[in-house]
Amino acid sequence: MQPEPTAPATWIFQANPQQYDIAASLAAERVELWNLRQHASKVKLGDRVLVWISGRKSGIYAVGEVISAPMDQPDSTVGRRYWKSAGGHQVWPRVEVRYSQVLLDRPLYKKYLEFDAALTQLAILRQPRGTNFAVSANEWEALNSWLSS
């Protein structure tokens, strides 16, 4: 008997625009490597990714899917062009993410999500320090309804 396939997990991957020109990258690239500073052993091929940009206008700026297994490596040659520091040369576990939606013109801002009762435990709202945040199935449902409207 085959095990039941598990639903893809959902993650928020946070970018700091002071470290990486994420807006330019999202405008030009459809696939990027992302650091896994947390949860490297849990992120899997096919998982959903919500790209969060930190800062004054923080929120979700893209939706994508993990298309590679985690591998310890520096950023790609293309990715290194967007780094404002030496971060692209450092070896970290990284996965490739392909974007299905880029929301640069209509991001889902944090200031709206903070008032959604279904998102009171969303990790990035409670403790925003970090790069990778797990999103529960219920939180994904709430976020997806925001993204769909």
- Query: In segment 92-149, which residues are under 25 Å from ALA28 (Cα atoms), in a strand (DSSP E or B) and not hydroxyl-bearing (Ser, Thr, Tyr)?
  - Reply: TRP92, PRO93, ARG94, VAL95, GLU96, VAL97, ARG98, GLN101, VAL102, LEU108, ASN132, PHE133
- Conditions (1) within 27 Å of ALA142 (Cα to Cα); (2) surrounded by 16 or more Cβ atoms within 10 Å (Cβ to Cβ); (3) at pLDDT below 95; number of the one not met by THR6: (2)
- Item | Exclusive hit being surrounded by 12 or more Cβ atoms within 10 Å (Cβ to Cβ) and within 13 Å of the chain's Cα centre (by Cα), set SER136, SER100 | SER100
- Task: Report the residue count in segment 35-45 for those that are surrounded by fewer than 18 Cβ atoms within 10 Å (Cβ to Cβ) and under 15 Å from GLU65 (Cβ atoms).
- Result: 2
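Conditions tested, residue by residue: (1) within 16 Å of LEU50 (Cβ to Cβ); (2) of a type outside the set (Phe, Trp, Tyr); (3) at pLDDT below 95.
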{"site": "THR77", "(1), (2), (3)": "no, yes, yes"}
{"site": "LYS84", "(1), (2), (3)": "no, yes, yes"}
{"site": "PRO93", "(1), (2), (3)": "no, yes, no"}
{"site": "VAL97", "(1), (2), (3)": "yes, yes, no"}
{"site": "SER100", "(1), (2), (3)": "yes, yes, no"}
{"site": "TYR109", "(1), (2), (3)": "yes, no, no"}
- Task: Please state which one of GLU65, GLU32 is of a type in the set (D, E, K, R), surrounded by 20 or more Cβ atoms within 10 Å (Cβ to Cβ) and part of a strand (DSSP E or B).
- Result: GLU32
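The values are calculated or read from the model by the stated rules, or taken from the named source; none is laboratory data. All values derive from a computational prediction rather than experimental measurement. Neighbour counts are summed over all protein chains in view; Cβ atoms, including those assigned to glycine, are modelled from backbone coordinates with ideal geometry.
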